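Following: one structure in C-alpha cells, then a few remarks.
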Amino acid sequence: MPVLANDANRHSAPANEPIVKLFGDGEFYDGLPYLEQLQLANSKHPIKVDRYGSGGAVEELEKKFETITGKEKAIYMPSGTMANQFAIAMLSGDSTKVFVQDTSHVYRDEADAAQSIFNKRLMPLAKDQTFFTADELKKAIENLDSEEVFKSGLGCVSLENPVRRTDGRMVPISEIKKISEYCRSKNIKLHLDGARLYMASAWSGVSIKEYSSYFDTIYISLYKYLGASGGAILCGDKTLIEKMPHMIKIHGGNMFGNWLNAAMASYKLDGIEERLQEAIKRSKEIFAALNQIPGMKISPLDGGTNIYSMKFPAGILGQKFGESLNGYFIRIPRPNENGEAKISVNETLLYREPKYIIDAIKDSINKAK
Ligand SMILES: Cc1ncc(COP(=O)(O)O)c(C=O)c1O
C-alpha cells in the first residue's frame, strides 16, 4: 500500500509545519493538532462515545485488538502500568513470586506496585541485560525449592519486549518460543509488556499475532506511537479479561469517557504496519547516504529496533547543528561530548522525502563545523 506524504491513504501530519523527529517512537499531538486529527478520524469513520469504557470507540478498538492479537478478549485501560499490574496479579492468583527482567518497566518503574498493592514479590533476572534465557529462567525456577523455605508459589513470569531501558533492544523470537514452551509445559502463566510491540514487530518481521500467541496476556500502549494522549489495551483469555472491569473500578480507574484516546488510537492503528515499513525503507536510504559523509556513522544497535547510534564527524557544534536543522523542520538529539547520539526511526520520517532530509542534514553538518 502506498504511503507517501501526498497520498490520500496516509494519515496527515499536524496541520502546522510537520516536524520530522528522529527521537521517540511516533508522533505526539498536543492541543489543537490532537483535535484536528480527531476531526480527520471522524470524517473517515464517525466517532462514537463510550460510557465508563463500554460501547463506542472503546469497544471498536477492543474488537480491533482481538483480531490483531488473536486473543479472545481485549480491554481498554487508562494506563500501561495498570495493565501490567492487573495482568500479573490476576495471572498469579494467590501465589506470590513473579520472575521479571531486571531492566523491565514492571520491575524498575512501577513504584513497587506489585509488592505494595498486589502482594507479589518481583524477582529480577538478567541484571542490566535485555532478556533472560529460557535456561536461566528454568534454573531460577528449579532452584526455588532449595533456595527458599516458604513455598508461597510461583505466580507468573513477565517479559518486556522490546526493552525501553536497553534502547529498545528485542528479546529474540527464538528465546521467546523457548520461554513460552517451558512455561506452558509447567503450567506457568506468561505476561508480555508489549508497550512498544509494534516496534519489535516492524524490525523483527514477527507479526503481533505470532508474538501474542506465546503469551497468556499482552499489553500494548496507545500513546507511544498510536497518537493517543494515554491509555493501554490488555488482551487475553475471556475469563481473565472479564475480571478486569471490577479490578479497574476498585482501583479508581473507571473513567466516565475514554473515547478521545480510543478513537485516536483506532485511527492511527489503521496502516501503522505499512507506515513503519515505509519509514524503515526510507531510513535505510537516508542512513546510507549520510554514511558517505566523512566521519559520520549511523548504525543499528545489536538486536535493536528503531533506535540507532549516530556518530557525528569530529568538531561538529551540536547547538549550531540543531539550530540549522530546526530551520528545515527536522529535530535530531544533540551529540554528546563524544560526538554521539541515539536517534530513532518513526513515522514522522514520512513527513518529508528522503532527499530533503539528506540534504538538510548535510547542509547542517557543513554549517556546524
Ligand atoms: C515498557 C513500558 N511498559 C509500561 C509502561 C507504562 O505505561 P503507562 O505510562 O501507560 O503507565 C511504559 C511507559 O513508559 C513502558 O515504557
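The values are calculated or read from the model by the stated rules, or taken from the named source; none is laboratory data. The structure displayed is predicted, hence computed values, not measured ones. Glycine gets a Cβ as well: all are built from the backbone with ideal geometry, and neighbour counts include every protein chain shown. Protein only, heavy atoms only, side chains kept; ligands, DNA and RNA dropped before computing areas. Shrake-Rupley method; radii C 1.70, N 1.55, O 1.52, S 1.80 Å.
Worth pointing out:
- Pairs with Cβ under 7 Å, 6+ apart, first in segment 257-276 and within 13 Å of K224 (Cβ to Cβ) and touching a residue at least 12 places away in the same chain (Cβ under 8 Å), second crowded, with 20+ Cβ neighbours inside 10 Å and of a type in the set (S, T, Y): I272/Y198; L276/Y198
- Applying a threshold of 9 Å to beta carbon distances and a minimum spacing of six or more residues, or different chains, the list of pairs starting in segment 225-241 at a residue that is free of Cβ contacts under 8 Å to residues at least 24 places away in the same chain and farther than 14 Å from H191 by Cβ and ending at one that is away from the ligand (no atom under 11 Å from the Cβ) and open to solvent by 10 Å² or more (accessible area, probe 1.4 Å) reads T239/E72; T239/K73.
- Residue that is most open to solvent (accessible area, probe 1.4 Å) [pool: residues in segment 6-20 that are under 24 Å from the mean Cα position of the chain (by Cα) and at pLDDT below 60]: N9
- Residue within segment 159-169 that is at pLDDT 95 or above and either away from the ligand (no atom under 16 Å from the Cβ) or aromatic (F, W, Y) (or both) present: no
- Output for segment 345-355, where each listed residue is within 14 Å of K21 (Cα to Cα) and part of a helix (DSSP H, G or I): E347, T348, L349, L350, Y351, P354
- The number of residues in segment 179-195 that are outside any helix (DSSP H, G or I) and open to solvent by 40 Å² or more (accessible area, probe 1.4 Å) comes to 3.
- Among (1) closer than 30 Å to T305 by Cα; (2) outside any loop (DSSP other than H, G, I, E, B); (3) open to solvent by 60 Å² or more (accessible area, probe 1.4 Å), the one test that F23 misses: (2)
- Segment 73-119 - residue that is away from the ligand (no atom under 16 Å from the Cβ) and assigned to a strand (DSSP E or B) and, of those, surrounded by the most Cβ atoms within 10 Å (Cβ to Cβ): F99
- Total residues in segment 26-54, condition more than 21 Å from N326 (Cβ to Cβ) and either open to solvent by 30 Å² or more (accessible area, probe 1.4 Å) or modelled with pLDDT under 95 (or both): 15
- Scan of segment 35-72 for residues that are outside any helix (DSSP H, G or I) and in contact with a Lys or Arg (Cβ under 8 Å, 6 or more places away or on another chain), ordered by number: G55, G70, E72
- Summed over segment 196-224, residues that are open to solvent by 10 Å² or more (accessible area, probe 1.4 Å) and within 14 Å of the ligand (Cβ to nearest atom) total 4.
- Some residue of segment 149-158 being in contact (Cβ under 8 Å) with a residue 24 or more places away in the chain, surrounded by fewer than 17 Cβ atoms within 10 Å (Cβ to Cβ) and among the aliphatic types (A, V, I, L, M): no
- When residues of segment 303-312 are limited to those that are out of contact with any Asp or Glu (no Cβ under 8 Å at 6 or more places or on another chain) and in a loop (DSSP other than H, G, I, E, B), the one surrounded by the most Cβ atoms within 10 Å (Cβ to Cβ): T305
- Segment 313-344, residues that are out of contact with any strand residue (DSSP E or B) (no Cβ under 7 Å at 6 or more places or on another chain) and either in a loop (DSSP other than H, G, I, E, B) or within 16 Å of S283 (Cα to Cα) (or both): P313, A314, G315, I316, L317, Y328, N336, E337, N338
- The set of residues in segment 159-170 being open to solvent by less than 30 Å² (accessible area, probe 1.4 Å) and charged (D, E, K, R) consists of E160 alone.
- Within segment 136-143, not a single residue is within 11 Å of the ligand (Cβ to nearest atom), closer than 23 Å to R184 by Cβ, open to solvent by less than 10 Å² (accessible area, probe 1.4 Å) and outside any strand (DSSP E or B).
- Meets criteria (farther than 20 Å from L197 by Cα, of a type outside the set (S, T, Y), open to solvent by 20 Å² or more (accessible area, probe 1.4 Å) and away from the ligand (no atom under 16 Å from the Cβ)) for P124: no
- Criterion: farther than 26 Å from G303 by Cβ, of a type outside the set (D, E, K, R), more than 16 Å from the ligand (Cβ to nearest atom) and out of contact with any Asp or Glu (no Cβ under 6 Å at 6 or more places or on another chain) - qualifying residue of H251, H246: H246
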